[in-house]
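The values are calculated or read from the model by the stated rules, or taken from the named source; none is laboratory data. Bear in mind the structure is a predicted one, so any value in this text is a computation, not a measurement. Quick reminder, even Gly has a Cβ in these numbers, built from the backbone with ideal geometry, and neighbours come from all protein chains shown. Side chains included, ligands, DNA and RNA excluded: accessible areas come from the protein's heavy atoms. Shrake-Rupley method; radii C 1.70, N 1.55, O 1.52, S 1.80 Å.
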Amino acid sequence: MTQFLFPAPAPVTLPVEGGGLYPVARIFCVGRNYADHAREMGHEPDREAPFYFTKSALHLAPSGQTLPYPPGTADFHHEMELAVAIGAPAFRIPANQAMATVFGYACALDMTRRDLQAAAKDKRRPWDTGKDFEGSAILAPLTPAARFGPPGTQAITLSVNGQTRQQAHLADMIWPVADIIAHLSTLYHLGPGDLILTGTPAGVGAVLPGDRIEGHIDGLAPVTLTIA
Ligand code: MN
């Protein structure tokens, strides 16, 4: 039998409230899905098709950790998001059937090196170094969809050192979860293991060493991160 020449990466998993582990395969992220955040980033919100970027599952870190301030940035930002975990195959699935493919939901942080992202935007280069780096996807434990109910009136909030910075409702999304799954499933064969971070409300901002970030969505386990 062929041996691994180097240690193979350990499987990336998320604990599920009520038991079990959800194996993470891919992490898709939706850009500008709340109108007030699109405006604060200098864009007029519209119903143009959603767009995506991705993060490596190896860059996922569980909620509750203390992580170092990342290298290469002087403008490290928080983005509070609802994560959707897919639990069934979905390819070209209509929006009115898409919610049946959701396994569960979690609070997530899309941590961003905003200065690198802004420089990439200016030069029409990819966002990878701004968005996809060690510890850039912070995930709380998953809550099964049946326990959470349909996303809508739940509040989504984020505080830094106890001060509220982001505050909205899931119904404020430009593209609701069903529409995102329907659209993303025209581009990928989605399936169990795929996470979708559904975008952030207004109020993104910088964090500094020593800061403690806490994100809440009604009905889900909170996500926390401390910057070393
Ligand atoms: Mn985001």
Under the condition of being open to solvent by less than 30 Å² (accessible area, probe 1.4 Å) and of a type in the set (A, V, I, L, M), which residue from segment 36-63 is modelled with the lowest pLDDT?
-> Ala38
Any chance Arg147 is among the basic types (Lys, Arg), in a loop (DSSP other than H, G, I, E, B) and open to solvent by 10 Å² or more (accessible area, probe 1.4 Å) | no
Within segment 6-45, track down each residue that is small (Gly, Ala, Ser) and within 16 Å of the ligand (Cβ to nearest atom).
-> Gly31, Ala35, Ala38, Gly42
Of all residues making up segment 178-213, the number that are open to solvent by 10 Å² or more (accessible area, probe 1.4 Å), within 16 Å of the ligand (Cβ to nearest atom) and among the aliphatic types (A, V, I, L, M) | 3
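To keep it simple, each residue is scored yes or no on (1) polar (S, T, N, Q); (2) touching a helix residue (DSSP H, G or I) at 6+ places or on another chain (Cβ under 9 Å); (3) part of a loop (DSSP other than H, G, I, E, B).
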residue: Thr164; (1), (2), (3): yes, no, no
residue: Ala168; (1), (2), (3): no, yes, no
residue: Ala171; (1), (2), (3): no, no, no
residue: Ile181; (1), (2), (3): no, yes, no
residue: Tyr188; (1), (2), (3): no, no, yes
residue: Leu195; (1), (2), (3): no, yes, no
residue: Gly203; (1), (2), (3): no, yes, yes
residue: Gly210; (1), (2), (3): no, no, yes
Pairs only if they're at least six apart or on different chains, beta carbon under 6 angstrom, first in segment 159-177 and over 17 Å from Ala38 (Cβ atoms) and among the hydrophobic types (A, V, I, L, M, F, W, C), second open to solvent by less than 30 Å² (accessible area, probe 1.4 Å) and assigned to a strand (DSSP E or B); list them, first residue then second.
-> Val160/Ile213; Val177/Val84
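Condition check ((1) open to solvent by less than 60 Å² (accessible area, probe 1.4 Å); (2) of a type in the set (S, T, N, Q); (3) not in a helix (DSSP H, G or I)) across all residues:
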| position | (1), (2), (3) |
| --- | --- |
| Ile93 | yes, no, yes |
| Asn96 | no, yes, no |
| Ala100 | no, no, no |
| Tyr105 | yes, no, yes |
| Leu109 | yes, no, yes |
| Gln117 | yes, yes, no |
| Arg124 | no, no, yes |
Result of the Cβ filter at 8 Å on segment 94-121, keeping first residues that are over 21 Å from Gly18 (Cα atoms) and among the aliphatic types (A, V, I, L, M) and partners that are away from the ligand (no atom under 16 Å from the Cβ) and part of a helix (DSSP H, G or I), at least 6 apart or interchain, is Ala95/Ala178; Ala95/Asp179; Ala95/Ile181; Ala95/Ala182; Ala98/Ala178; Ala98/Asp179; Ala98/Ile181; Ala98/Ala182
